[in-house]
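*Asks:* Quick one: this structure, given as structure tokens, is what I'll be asking you about.
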Ligand SMILES: Cc1cc2nc3c(=O)[nH]c(=O)nc-3n(C[C@H](O)[C@H](O)[C@H](O)COP(=O)(O)OP(=O)(O)OC[C@H]3O[C@@H](n4cnc5c(N)ncnc54)[C@H](O)[C@@H]3O)c2cc1C
């Protein structure tokens, strides 16, 4: 069976669902295909942050050197699985080339613009009746257990202040005012008041459901298996549930986008960067943090998830598509929890989760029209910030499709830049 559609979106994560809603609202006939269920990928188990203050790209001076040192430590937060792989080698080469102060600052400008506009859109979405996703603006508290990370946190705070962010340095008394039940030994921290958090699964499902309510067709358990092209454009898309003839195709398949991009003849550089999380059911009302915490020394995020749960997460592994979970790393994450919060010895934990961040070499997403395939638009590569950038990505893609001036300059996010 062949179905004609105006727009076909591939992928039902936060990016695909946001794009479906914005394009439907722009009056387009939208079909979204998802190979599993809505929110089956990275959008499900992440750290839940709308990270307004995270504007320094993953590619920063010194990161690769630190990563190479950590490679031999199975409990480290950053790991590259040694292997011979041409795509990974090219990715690492471009990653290293992006790790300069100048490129980091240029990247930060774009990420800050995306953050700022997304926060605005989150506020509007959260105020809509029927869109429930637990959006809370309670800031983010970075905690430092050692002098080394206090200095690093202060340095980053200084850069962010220079970019116009409100960042507050705190001593123990200041920390206790925000998070009264901290363990001894946590003596300093940095507070980013503009940060928010939410339930990412509720968000993604709510966006998809709202898009469907407003006219989009959402097809789950429908995997894209191939593309037919005609004169430099996609003429047909084959899926496990039939063939589609779209006018425009939006590639929003998260870490899997690079596989599909290669198939369609518009390759992009992107690596699946695996991370872990564990969701905990609170044993008492005051177990867990009152607001999002970042333990800088071990790179562990701890976030309240509704009234009854919290989640801790960490790790960035470049190990290809391998969902396995390293128990040593999980134990390190739990130790970080115990180092900063009391009452963490006995935890009612769900099974650990792993997911793949779609990571580009320079830490900026790919948002824009392909230069190789005329009716293909990329909306992927959001790395550590896909939840944060969901709504603004949806808006930017709708502006591209409808030929409006994009709200943010797209040039730095050009899909063909590597
Ligand atoms: C541990 C961890 C913590 C994180 N914390 C945060 C955070 O606090 N804040 C933040 O902003 N970001 C965070 N992120 C990053 C964020 O989760 C991702 O950037 C974001 O979820 C990517 O969304 P996506 O829609 O592009 O991809 P995904 O959510 O992975 O969705 C892609 C979808 O495409 C589908 N798909 C794949 N192939 C096909 C196909 N052939 N046909 C049809 N469908 C297909 C998949 O099934 C999947 O559902 C974190 C990530 C991790 C791993």
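*Asks:* Between a residue in the stretch 393-414 that is in contact (Cβ under 8 Å) with a residue 12 or more places away in the chain and any residue that is surrounded by fewer than 17 Cβ atoms within 10 Å (Cβ to Cβ) and assigned to a helix (DSSP H, G or I), which pairs come within a Cβ distance under 6 Å, given they are 6 or more apart or on different chains?
*Replies:* 408/113
*Asks:* Suppose we keep only residues that are within 6 Å of the ligand (Cβ to nearest atom), more than 25 Å from residue 301 (Cβ to Cβ) and crowded, with 22+ Cβ neighbours inside 10 Å within the stretch 1-39. Which one would you say is farthest from the chain's Cα centre (by Cα)?
*Replies:* Filtering first and then ranking leaves 33.
*Asks:* Moving to a separate point now. Is it the case that some residue within the stretch 281-294 is within 20 Å of the chain's Cα centre (by Cα), modelled with pLDDT under 95 and surrounded by 21 or more Cβ atoms within 10 Å (Cβ to Cβ)?
*Replies:* For the stretch 281-294, residues within 20 Å of the chain's Cα centre (by Cα), modelled with pLDDT under 95 and surrounded by 21 or more Cβ atoms within 10 Å (Cβ to Cβ): absent.
*Asks:* Is there a residue in the stretch 348-357 that is in contact with a helix residue (DSSP H, G or I) (Cβ under 8 Å, 6 or more places away or on another chain) and away from the ligand (no atom under 11 Å from the Cβ)?
*Replies:* No, the stretch 348-357 contains no residue that is in contact with a helix residue (DSSP H, G or I) (Cβ under 8 Å, 6 or more places away or on another chain) and away from the ligand (no atom under 11 Å from the Cβ).
*Asks:* Separate question: Which one of 174, 189, 185 is farther than 30 Å from residue 371 by Cα and either in a strand (DSSP E or B) or near the ligand (Cβ under 10 Å from one of its atoms) (or both)?
*Replies:* Checking each option against the conditions leaves just 189.
*Asks:* What do you reckon, is residue 75 surrounded by 24 or more Cβ atoms within 10 Å (Cβ to Cβ) and at pLDDT below 95?
*Replies:* Against the criterion (surrounded by 24 or more Cβ atoms within 10 Å (Cβ to Cβ) and at pLDDT below 95), residue 75 does not qualify.
*Asks:* So which residues in the stretch 358-392 are farther than 15 Å from residue 258 by Cα, near the ligand (Cβ under 8 Å from one of its atoms) and in a loop (DSSP other than H, G, I, E, B)?
*Replies:* Scanning the stretch 358-392 gives 386, 387, 388, 389.
*Asks:* Please name all residue pairs, on different chains or six or more residues apart, with Cβ atoms under 6 Å, provided the first residue is in the stretch 313-329 and is more than 13 Å from the ligand (Cβ to nearest atom) and the second residue is not in a strand (DSSP E or B).
*Replies:* Going by the 6 Å Cβ cut-off, the qualifying pairs are 328/74; 328/75.
*Asks:* Inside the stretch 358-368, can you point out the residues that are farther than 13 Å from residue 59 by Cα and either crowded, with 24+ Cβ neighbours inside 10 Å or free of Cβ contacts under 8 Å to residues at least 40 places away in the same chain (or both)?
*Replies:* Result: 358, 366, 367.
*Asks:* Still on this model: Do we find a residue being farther than 22 Å from residue 246 by Cβ and crowded, with 16+ Cβ neighbours inside 10 Å anywhere in the stretch 369-381?
*Replies:* Checked against the condition, which is being farther than 22 Å from residue 246 by Cβ and crowded, with 16+ Cβ neighbours inside 10 Å, the stretch 369-381 yields no hits at all.
*Asks:* Hey, among the residues in the stretch 229-261 that are touching a helix residue (DSSP H, G or I) at 6+ places or on another chain (Cβ under 9 Å) and more than 23 Å from residue 398 (Cβ to Cβ), which one's farthest from the ligand (Cβ to nearest atom)?
*Replies:* Step by step, filter the stretch 229-261, then rank; the result is 229.
*Asks:* Now for a different question. Could you figure out which of (1) more than 6 Å from the ligand (Cβ to nearest atom); (2) in contact with a helix residue (DSSP H, G or I) (Cβ under 6 Å, 6 or more places away or on another chain) isn't true of residue 42?
*Replies:* Only one criterion is unmet by residue 42, namely (1).
*Asks:* Applying the selection to the stretch 281-308, what residues are in a strand (DSSP E or B) and either touching a helix residue (DSSP H, G or I) at 6+ places or on another chain (Cβ under 8 Å) or within 15 Å of the ligand (Cβ to nearest atom) (or both)?
*Replies:* 293, 294, 295, 300, 301, 302, 303, 304, 305
*Asks:* Regarding residue 118, is this residue within 16 Å of the ligand (Cβ to nearest atom), under 23 Å from residue 322 (Cβ atoms) and assigned to a helix (DSSP H, G or I)?
*Replies:* Working: within 16 Å of the ligand (Cβ to nearest atom): yes; under 23 Å from residue 322 (Cβ atoms): no; assigned to a helix (DSSP H, G or I): yes.
Against the criterion (within 16 Å of the ligand (Cβ to nearest atom), under 23 Å from residue 322 (Cβ atoms) and assigned to a helix (DSSP H, G or I)), residue 118 does not qualify.
*Asks:* Quick check on my filter: what residues within the stretch 135-171 are over 26 Å from residue 305 (Cβ atoms) and loosely packed, with under 14 Cβ neighbours inside 10 Å?
*Replies:* 146, 147, 148, 151, 155, 158, 161, 162, 164, 171
The values are calculated or read from the model by the stated rules, or taken from the named source; none is laboratory data. Predicted, not measured: the structure shown is a model, and the values here were computed from it. Using ideal geometry, Cβ is built from the backbone for each residue, glycine included, and neighbour counts are taken over all protein chains shown.
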